[in-house]
Amino acid sequence: MQIFDHPEFDHHQQIVFGSDEASGLRAIIAIHDTRRGPALGGLRIYPYASEADALTDVLRLSRGMTYKSALADLPLGGGKAVIIADPRRDKTPAMLYAMGRLVESLGGRYITAEDSGSGEEDMRLIRQETSHVSGLGHDGNSGDPSPFTAHGVFCALKSAVRHRLGRSDLQGLRVAIQGVGHVGAHLARELHEAGAKLVLTDVDRDSLGMLVSELSAESVTPDAIFDADVDVFAPCALGAVLTDEVAERLKAKVICGAANNQLATAAVAGRLQARGILYTPDYVANAGGVIEVEAQRHQRYNRDSVMRHVERIAETVDEILSRAQSEDKSPAAVADQLARERLAG
């Protein structure tokens, strides 16, 4: 398996492969950059088809966390962890304890938190083996960062709509949301309250049906979401959804969602730009969760202060989209460049 010559390797500082025979743990932790602080990033538990797929994912996700924290002005670096397992069938307390010992072995260079396939209760189990866990709440409150992630996406979406559609409100705006799990459902409710009309999809048909009924939304099959006649497409499921094919199918003029690594390849950003579709870089829009998780690490937690920080995501999106327009570049390229500038500075 290639590491240094891997197409997603970006001078990552450390890549750790961990296993535990007794629990069946097979995990990879990637630490991309710690210049601004310890590498914080969630733990994804997913039944990858191969170790190579898991490595590709963790390399991309960890780099995205570095850029996300830099553009959110946080004293953090970027890292990520993945466990190769089905979270519904394979996840056990023993596996999570073993994961905690692996995190502890890094001595605080990597701080883990919940992500796809892992939740707050899993973090509590990991916490029994290491103190390098975040997202467990403050003063007894839930540590679920999804409402903050969703609100950040909502703020970013409003900025993108102003830039591309010239609209200052969302009344009657048609938005397609792909994936209505924790973050997607929070985003859907916030958009509904702002007057948007929603088209929703999810592989979990029961959860989808309940949310459709609650919000008087439309529902479509997962594949049909790309063809929905909407103004905005919000990917809120797994990554790499924006392929060349999808870029040609989309009717939306704005893309803004919570999923990580939405672009299947860097070249897709150019295809979207050529079609007049404004892509909001995912790691900028979805930074609300890491902003809140970082705040939990400190004694003086203030929810109002956290929300003000999350809402500054809109200012960062404004800067990126304005610069992209003036330089005739894709927002994805501009966001990467701005993140590198902040890391260097």
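When peptides 248-256, 231-239 are sorted by average Cβ neighbour count within 10 Å, with the highest value leading, the order is 231-239, 248-256. Helical content of the chain, expressed as a calculated mean residue ellipticity at 222 nm, amounts to -13000 deg cm²/dmol (DSSP H runs of 4 or more residues, -39,500 (n - 2.57) each, divided by residue number, nearest 500). For the chain, the fraction of 1.4 Å probe accessible surface lying on carbon and sulfur atoms is 46 percent.
Rolling a 1.4 Å probe over the heavy atoms of the protein chains gives region 102-227 an accessible area of 43 Å² per residue. In this structure the amide hydrogen of I255, modeled in the peptide plane, comes within under 5 Å of the amide hydrogens of F233, L278, Y279, T280, none closer than 5 places in sequence on its chain. For K197, the amide hydrogen comes within under 5 Å of the amide hydrogens of G172, L173, R174, V175, counting only partners 5 or more places away or on other chains and with H modelled in the peptide plane.
Which of rounded, prolate, oblate describes region 183-239, given a ≥ b ≥ c as roots of the alpha-carbon gyration tensor eigenvalues and a/c under 1.5 marking rounded, otherwise prolate only if a/b is larger than b/c? Taking the square roots of the gyration eigenvalues as a ≥ b ≥ c, region 183-239 is rounded. Can you tell me how region 1-129 classifies by the Cα gyration tensor, rounded, prolate or oblate, using a/c under 1.5 as the rounded cut? Cα axes put region 1-129 in the oblate bin. If only the Cβ of Lys and Arg carry +1 and only the Cβ of Asp and Glu carry -1, the dipole of the chain around its Cα centre is close to 700 debye.
Where both bridge residues fall in the chain, DSSP classifies roughly 30% of the beta bridges as antiparallel.
What angle do you read, to the nearest 10 degrees and between 0 and 90, between the alpha-carbon axis of helix 331-344 and the longest principal axis of the chain? On a 0 to 90 degree scale, this one is about 40.
For A237, the residues whose modelled amide H falls within less than 5 Å of its own, excluding neighbours fewer than 5 places apart on the same chain, are A259. Each residue of region 107-112 was assigned a 3J(HN,Hα) from its phi angle through the Karplus curve 6.51 cos²θ - 1.76 cosθ + 1.60 (θ = phi - 60°); the sequence is x, x, 5, 10, 10, 9 Hz, with glycine and proline shown as x. Between helix 313-327 and the chain there is an angle of about 60 degrees, using the helix long axis and the longest principal axis of the Cα atoms. Straightening the chain between E104 and D229 buys 40.1 nm, computed as 0.36 nm per residue apart minus the Cα-Cα spacing. Against the chain, whose longest principal axis comes from its Cα atoms, helix 182-193 is set at around 30 degrees.
Give the cross-link partners of K80 among the lysines, using a straight C-alpha distance below 28 Å as the criterion and excluding same-chain residues fewer than 8 apart. Straight-distance partners of K80: K68, K91.
Placing a pseudo-label 7 Å from each Cα along the Cα-to-Cβ vector at D86 and Q171 gives an inter-label distance of 4.9 nm.
In order along region 265-273, phi translates into HN-Hα couplings of 9, 4, 5, 4, 4, x, 5, 5, 4 Hz, rounded to whole numbers, per the Karplus curve 6.51 cos²θ - 1.76 cosθ + 1.60 with θ = phi - 60° and x for Gly and Pro.
Count the DSSP beta bridges whose two residues both fall in region 1-108, then state the antiparallel fraction as a percent rounded to the nearest 5. Taking every DSSP beta bridge with both residues in region 1-108, the antiparallel ones total about 70 percent. Counting only protein heavy atoms and a 1.4 Å probe, region 241-336 has 42 square angstrom of accessible area per residue. Each principal axis of the Cα atoms in the chain has its own extent, and those three values, largest first, are 53, 45, 44 angstrom.
Going by the alpha-carbon gyration tensor, a ≥ b ≥ c the square roots of its eigenvalues, is region 176-310 rounded (a/c under 1.5) or, if a/c is not under 1.5, prolate (a/b greater than b/c) versus oblate? Taking the square roots of the gyration eigenvalues as a ≥ b ≥ c, region 176-310 is oblate.
The values are calculated or read from the model by the stated rules, or taken from the named source; none is laboratory data. Small disclaimer: the values here were computed from a predicted structure and weren't measured. When we count neighbours, we look across all protein chains shown, and the Cβ atoms used for this are built from the backbone with ideal geometry, even at glycine. All accessible areas refer to the heavy atoms of the entire protein, side chains included, with ligands and DNA or RNA removed. Shrake-Rupley method; radii C 1.70, N 1.55, O 1.52, S 1.80 Å.
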